[in-house]
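The values are calculated or read from the model by the stated rules, or taken from the named source; none is laboratory data. Remember, it's a predicted structure, so these values are computed and weren't measured experimentally. Cβ placement follows ideal geometry from the backbone for every residue including glycine, while neighbour counts extend to all protein chains displayed.
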């Protein structure tokens with residue numbers, strides 16, 4: 001009986017030993033960026049409307065528990081419109097979340113002859129999910145050359161690991 005109990009305890013403790021985040025370096029072959037994803041990502045592409053432009057959004061995402069880590073990338077037909085597209089993307093994201101901003105930081109930098117615009121933000125839904133927890137979206141929108149990127153962590157507010165989100169965001173590099 002003791003051996004059977006010991007075997008059951010060992011078998012049920014194996015999942016507890018596995019890491020929650022299995023970080024891996026991801027390079028999307030369709031879009032110029034690199035990022036660390038916390039699990040095996042899935043990818044898809046679809047046509048979306050960004051203001052006056054219809055673009056193909058290449059999306060790569062990994063889900064850990066109820067939290068999604070995602071990168072979306074789209075090539076613009078007019079690089080001069082990147083700043084406007086970032087505003088349009090953020091408005092659409094907030095509308096989909098039915099939420100409001102709790103933090104925002106906008107910056108610009110130039111390197112390699114290209115301007116990089118960045119809008120880092122945190123938002124919370126106005127209502128709770130089915131478990132009674134508000135949904136949080138923390139993100140970084142980046143415009144570099146004729147590309148725009150959405151780097152997002154979305155999930156129940158209490159389930160988002162801030163250290164994991166910071167690892168994810170700081171690893172994102174448009175190339």
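Figures for the structure shown
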{"read-out": "Residue among 76, 30 that is touching a strand residue (DSSP E or B) at 6+ places or on another chain (Cβ under 7 Å), at pLDDT below 95 and surrounded by 17 or more Cβ atoms within 10 Å (Cβ to Cβ)", "value": "76"}
{"read-out": "Evaluation of residue 22 against (1) more than 13 Å from the chain's Cα centre (by Cα); (2) not in a loop (DSSP other than H, G, I, E, B) (one fails), failing number", "value": "(2)"}
{"read-out": "Close pairs from the stretch 126-138: first over 17 Å from residue 91 (Cα atoms), partner at pLDDT 80 or above and surrounded by 13 or more Cβ atoms within 10 Å (Cβ to Cβ), Cβ under 6 Å, at least 6 apart", "value": "128/134; 129/135; 129/156; 133/156; 133/157; 134/124; 134/125; 134/157"}
{"read-out": "Subset of the stretch 94-115 (residues that are more than 23 Å from residue 172 (Cβ to Cβ) and touching a residue at least 12 places away in the same chain (Cβ under 8 Å))", "value": "98, 100"}
{"read-out": "Members of the stretch 108-141 that are out of contact with any helix residue (DSSP H, G or I) (no Cβ under 8 Å at 6 or more places or on another chain) and within 25 Å of residue 162 (Cβ to Cβ)", "value": "109, 116, 118, 122, 126, 127, 128, 129, 130, 131, 132"}
{"read-out": "Any strands (runs of 3 or more DSSP E) falling wholly within the stretch 101-159 and containing at least 2 residues that are over 25 Å from residue 62 (Cβ atoms)", "value": "114-128"}
{"read-out": "Test for residue 166: is it closer than 18 Å to residue 62 by Cβ and under 13 Å from the mean Cα position of the chain (by Cα)", "value": "yes"}
{"read-out": "Qualifying positions in the stretch 157-175 - surrounded by 18 or more Cβ atoms within 10 Å (Cβ to Cβ) and modelled with pLDDT of 95 or more", "value": "160, 164, 165, 168, 169"}
{"read-out": "Any hit, the stretch 116-125, residues being more than 25 Å from residue 34 (Cβ to Cβ) and either in contact (Cβ under 8 Å) with a residue 60 or more places away in the chain or over 14 Å from the mean Cα position of the chain (by Cα) (or both)", "value": "yes"}
{"read-out": "Residue match in the stretch 114-132 (condition: touching a strand residue (DSSP E or B) at 6+ places or on another chain (Cβ under 6 Å) and on the phi > 0 side of the Ramachandran plot)", "value": "no"}
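Conditions tested, residue by residue: (1) surrounded by fewer than 18 Cβ atoms within 10 Å (Cβ to Cβ); (2) in a strand (DSSP E or B).
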{"site": "49", "(1), (2)": "yes, yes"}
{"site": "58", "(1), (2)": "no, yes"}
{"site": "70", "(1), (2)": "no, yes"}
{"site": "84", "(1), (2)": "yes, no"}
